[in-house]
1. With a sphere of radius 11 Å drawn around the Cβ of Ala330, what net charge do the other residues whose Cβ falls strictly inside it have (Lys, Arg +1; Asp, Glu -1)?
2. Give the long-range amide H neighbours of Leu307: residues separated by 5 or more places, or on another chain, with amide H under 5 Å away, using H modelled in the peptide plane at 1.01 Å from N.
3. Which order do the peptides 294-303, 17-26 take when ranked by the mean count of other beta-carbon atoms within 10 Å per residue, highest first?
4. So what does Leu109 come to for accessible area, using a 1.4 Å probe and Å² rounded to 10?
5. Can you order the peptides 66-75, 149-158 by their average number of other Cβ atoms within 10 Å per residue, highest first?
6. Quick check on the range 97-148: take the gyration tensor over C-alpha atoms, sort the square-rooted eigenvalues as a ≥ b ≥ c, and tell me if it's rounded (a/c under 1.5), prolate or oblate.
Amino acid sequence: MGIMVRPPRVALALGSGGARGYAHIGAIEVIRERGYEIVDIAGASMGALVGGVHAAGALEPYTAWARSLTQREVLRLLDPSLGAPGAIRAEKILAKVSELLDGAAIEDLPISFTAVATDLLARKEVWFQRGPVDAAIRASIALPTVITPVMINGRLLADGALMNPIPLSATAASQADVTIAVSVSGELPVHNGKVPTQESAAAQPVAEWGDRLRRSAARLVDSDLRRAVVRFLGSARARALAARGSAVEAAEAAAEQVFEQLPTGLRTLDVVELSLDAMQSVVASYRLAGYPPDVLVTVPKSACATLEFHRAAELIDLGRAATSEALDRAVEQGVLPADGTAAGA
């Protein structure tokens, strides 16, 4: 039998990242435009939403709806939940997704699909590969403290990104020719046995921490940095108080010398989000080390905030640009064929 030429088959892992997940739409568009056939999709959180909608053949109407959303409309859709275990219920958003999915079941989709969630009680990863697509998506997007968790079959389910932010492992059994992972949370740290960063809790000269503070606090207003420096330089006040023999006042002043002022406007939700980001970054890097993709597409975390769902158009374009660049690089490296075809029997 002769050699038959066919499009390369792609297994696609779509990562978490809130509104940045719109970039997955651009990634899928470019992959298809290049002539590749997506045969398997696994997604966590927003990756599960976009991946499930595409697997069900409803990506085009979903994209049109997402592009039409204004900031005011997004605020109405967020559906605040006072007193519930999450800031929003997301029922209005999921109602639109359910309408587009029209009762689709995962096992009946033309593209193999896995939505990843986290069982909070059993503390383990859950893969949805059967049942209603919309229910699987709802479980996968339940970001703790932001979107309320759900109960399915006795499991308390939350965001899949807690256990598997970029679920390549769910595509391991795929018969695809190439695996593509899309991270919408920026460059991931490389964990190769290096020791953690060591830091002293004692106050240090400005020269030793000033540059680091300026880099890590790039998004903070300049006045915050100035106040931190002024607070540090207030050590003279601490010495004066200690000289007067006031142990309590000296201790308070010493604490002020060590701890700089918190960033202006920092909220509890911000701290939770930053904490989850740090944890997911570590988890994702280890997961990718265990299941390395052939192609990794990276969208910067600074692209937008988690709930800026009114910025679909620019994020889709960003996803297109990042995917085009990654695929071009893969072709140059020989990972992908230059003509967009694969040989098959």
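1. On the way: positive: Arg34, Arg329; negative: Asp294, Glu325, Asp328, Glu332.
Once positives and negatives cancel, what remains is -2.
2. Residues meeting the criterion, in which the H sits 1.01 Å from N, are Ala19.
3. Values: 294-303: 19.4, 17-26: 27.7.
Final packing ranking: 17-26, 294-303.
4. Its heavy atoms expose roughly 30 Å² to the probe.
5. Details: 66-75: 13.7, 149-158: 16.8.
Ranking, from highest mean packing down: 149-158, 66-75.
6. Working: a/c = 3.04, a/b = 1.52, b/c = 2.00.
Here the range 97-148 falls in the oblate category.
The values are calculated or read from the model by the stated rules, or taken from the named source; none is laboratory data. On a predicted model such as this, the values are computed, not experimentally measured, just so you know. Neighbour counts run over all protein chains shown; Cβ positions are idealised from the backbone, glycine included. The accessibility values were calculated without ligands, DNA or RNA, using every heavy atom of the protein model including side chains. Shrake-Rupley method; radii C 1.70, N 1.55, O 1.52, S 1.80 Å.
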